[in-house]
Amino acid sequence: PNGRAPLSRFEPNDNVDYTAFATKVPILRKILGRPLTYAEKVLLTHLDGEHGEKITRGSTQLKLKPRRIACQDATAQMAIIQFMSAGIDRTAVPTTVHCDHLIVGRDGSQTDLAGALKSHGEVYEFLSSACKRYNMGFWKPNAGIIHQIVLENYAYPGGMLIGTDSHTPNAGGMGMIAIGVGGADAVDVMSGLPLEITAPNVIGVKLTGQLSGWASPKDVINKVAGVLGVKGGTGSIIEYFGPGAASISATGMATITNMGAETGATTSVFPYSDRMASYLRATRRPELADALYVAKGELQADKGAEYDRIIEIDLSALEPHINGPFTPDLSTPLSRFGDAVHQNQWPAKLTAGLIGSCTNSSFEDLSRAASLARQALKAGLKPQMPLFLSPGSQQTAQTLKREGVVDVFDRLGSTVLSNACGPCCGAWDRTDVEKGTKNSILASYNRNFTGRLDGNPATHAFISSPEMVMAKVFSNDLAFNPTKDSIKLESGAYFRFQPPEGDSLPHGLYEETDHVYDAPSTDAETVGKCTTDHITTAGPWMRFRGHLENISNNTLIGAINADNNEANKVVNQVTGELSGVPDAARDYRRRGLPWVVVADHNYGEGSSREHAALQPRYLGGVAIIARSFARIHEANLKKQGMLALTFAEPEAYDKIRPSDRLSIVGLDSLAPKQPIRLEVMQKDGTRWATETKHTLTDEQIEFFKAGSALNLMASRIVV
Ligand code: F3S
């Protein structure tokens, strides 16, 4: 009744205060003088102190105080090392590390996990001891995928979280503003500094009707991705509203917000729905479900709230969609998919089905998929290709086991992988198809860029719901439409699927599996392994510094050179020889010659990986000049002291040749919102110039001058 509840059962003394939320929102509404969207309410109740000036979407810089940080193991390594370098003893905000990205999927959970513990034991040990030492919670390997663990344990309506992974918006399914950031931004917040972002625009998605039959939450976001494209959400929050939302479970809403990342959106969010309270109770968090009652009225968009754009979807008319290949926004409704397969000459044979990942591994997803498997098994059918299942968490996997769902996957002969990303992040040791062989695969994941899942650039990866993957593995014809086509049985009879069915929540509570979590040490000083001394001498830092040298060998090796249309083949402009990108870059660095990357649209799309910014910087690059940037990558470049410039006139991109010499002039008077002149000298001596733009703030200009945000932070620490 007092509107307060613990942030989570792992932080019993830190409270969520819904009374304070319900008090603040009317004040904000008055200050802004207009109705507020739900996203604005949550964002602005997390402002760091009073915001003096007028807030304008698309331009005002907001300083925000997120309540939580989550890091996955691949990005946590760099983030923690940077945090250690800052010389601060404890994270200022509850922080967790999740070991999910490094477990390779191949033979099944037990064997794969043992392999990961062997190959990455040192990394896990480093992360575990650093967590104990610096007040972070540690979710062990096989505990689950970061976003599922956040959803099950930490996400709550009206909250704000940042995560060092681009699918952090998954928690938006529980009404949370959850933003994917680079490690350096996370380190700022760990250190007690605010998160700075530009006040986003708000795209509204109005949902009417209700989901039923074959249509699933994945089809909602597959359709939205098709409407917006991979850049259409840039600079915006996607906010869902309308009566249709009530027909979507909390985990279904999370699927939708998770994959909003594919549109470039800052995040996606649903306002409060009673499905969220049911999920809180099922995941053993009844206090939060009770506490939010006092703020229910404000956990919605105001009547008359304005959206910068509105997309309408009638869920009753929504049909399944299959997206791909090679990009998640190429969206085809199922009824037209068969024709598209033939017209585009996509490889007609389906060779693998993959279900799960952070996007689609909920109790509902897997029980609906299992309902189709039961129909097929009963008819005597078997999968016609390898089928892999990546459960999202130990908690959900144990619950599914208890309720007989995992048994169905076992009866199918599928490979149940660890509770980890596995093939979704390319950690798939695929042996059945040779590299270079054209083939099609279908996954319930969120991304399908060239080579992402199995490292084979010839693999055509398609994305759909878990139900669609399950039904389609019983026919190896990619064009098979399970909602209307039949499969011939050995008896000569024909089998046709009935629409999937499944419960959104288990009968009873989710299983308790808290043993997969290690709390921070209450006596941090005794955890000696990761003191700051270790950073500059031996120990973990040395190993990671080594990593940067090694990992730099993959810098831009997949990028296509405009000169010859080939990957990793550039002319070294000094020697005239053809070489790989990292070799040419190292040679320029040796000669003291700074270099730049000239790139097309959405440079840095698809990852929060900081190395993508650190590596060019380490190899002597000074600027990336692109037609446009993906948000997280642009932020990472700034933090690493690289200039991220965009062409004022996008056509200038086409005029630049790899053999040109570029001069970025006037950097001594670099200032926010001021253009920067780029002078180009062609090989034949012709000169021309163009303007570039940047989004650096005063503080970020200081990062550039200091060489990186970390350098600046270090220079400000008084010892
Ligand atoms: Fe893992 Fe999800 Fe990313 S499964 S790789 S966190 S897309």
Go over the candidates A79, A92, A70 one by one and state the one that is in contact (Cβ under 8 Å) with a residue 24 or more places away in the chain, small (G, A, S), away from the ligand (no atom under 13 Å from the Cβ) and buried (at least 24 other Cβ atoms within 10 Å of the Cβ).
A79
For segment 183-265, which fully contained strands (runs of 3 or more DSSP E) count at least 1 residues that are under 30 Å from I88 (Cα atoms)?
195-198
Residue tally, condition closer than 23 Å to L195 by Cα and within 31 Å of the chain's Cα centre (by Cα), over segment 647-684:
2
Quickly run through segment 471-498 and pick out the residues that are in contact with a Ser or Thr (Cβ under 6 Å, 6 or more places away or on another chain) and assigned to a loop (DSSP other than H, G, I, E, B).
L478, R496
If you go through segment 31-77 one residue at a time, how many are polar (S, T, N, Q) and closer than 23 Å to Q300 by Cβ?
2
Some residue of segment 121-133 being surrounded by fewer than 24 Cβ atoms within 10 Å (Cβ to Cβ), in contact with a Ser or Thr (Cβ under 8 Å, 6 or more places away or on another chain) and of a type outside the set (D, E):
yes
L478 modelled with pLDDT of 95 or more and within 22 Å of the chain's Cα centre (by Cα)
no
Residues of segment 162-182 being outside any loop (DSSP other than H, G, I, E, B), away from the ligand (no atom under 14 Å from the Cβ) and under 23 Å from Q640 (Cα atoms), in sequence order, are I162, I179
Under 25 Å from E196 (Cα atoms) and in contact with a strand residue (DSSP E or B) (Cβ under 6 Å, 6 or more places away or on another chain): is that true of H633 in this structure?
no
So L193 passes all but one of these: (1) hydrophobic (A, V, I, L, M, F, W, C); (2) over 21 Å from I463 (Cα atoms); (3) in contact (Cβ under 8 Å) with a residue 40 or more places away in the chain. Which condition number does it fail?
(3)
So A92 passes all but one of these: (1) part of a loop (DSSP other than H, G, I, E, B); (2) farther than 28 Å from L288 by Cα; (3) hydrophobic (A, V, I, L, M, F, W, C). Which condition number does it fail?
(2)
Of the residues in segment 112-139, those that are within 16 Å of the ligand (Cβ to nearest atom) and not in a helix (DSSP H, G or I) come to H120, W139
Of a type in the set (K, R), at pLDDT below 95 and surrounded by fewer than 24 Cβ atoms within 10 Å (Cβ to Cβ): which single residue out of K206, K223, K231 fits that description?
K231
Name the one entry in D302, D290 that is away from the ligand (no atom under 16 Å from the Cβ), part of a helix (DSSP H, G or I) and not basic (K, R).
D290
Considering (1) in a strand (DSSP E or B); (2) surrounded by fewer than 20 Cβ atoms within 10 Å (Cβ to Cβ), say which one E319 fails and leave the rest.
(1)
Members of segment 425-476 found to be of a type in the set (K, R), under 20 Å from D329 (Cα atoms) and surrounded by 24 or more Cβ atoms within 10 Å (Cβ to Cβ), listed by number
R447
Name the single residue that is nearest to the ligand (Cβ to nearest atom) among those in segment 140-150 being β-branched (V, I, T) and part of a helix (DSSP H, G or I).
I146
Is it the case, given these coordinates, that A373 is over 24 Å from T450 (Cα atoms), buried (at least 21 other Cβ atoms within 10 Å of the Cβ) and of a type in the set (A, V, I, L, M)?
yes
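The values are calculated or read from the model by the stated rules, or taken from the named source; none is laboratory data. Quick caveat: nothing in here was measured; it's all calculated off a predicted structure. Neighbour counts are summed over all protein chains in view; Cβ atoms, including those assigned to glycine, are modelled from backbone coordinates with ideal geometry.
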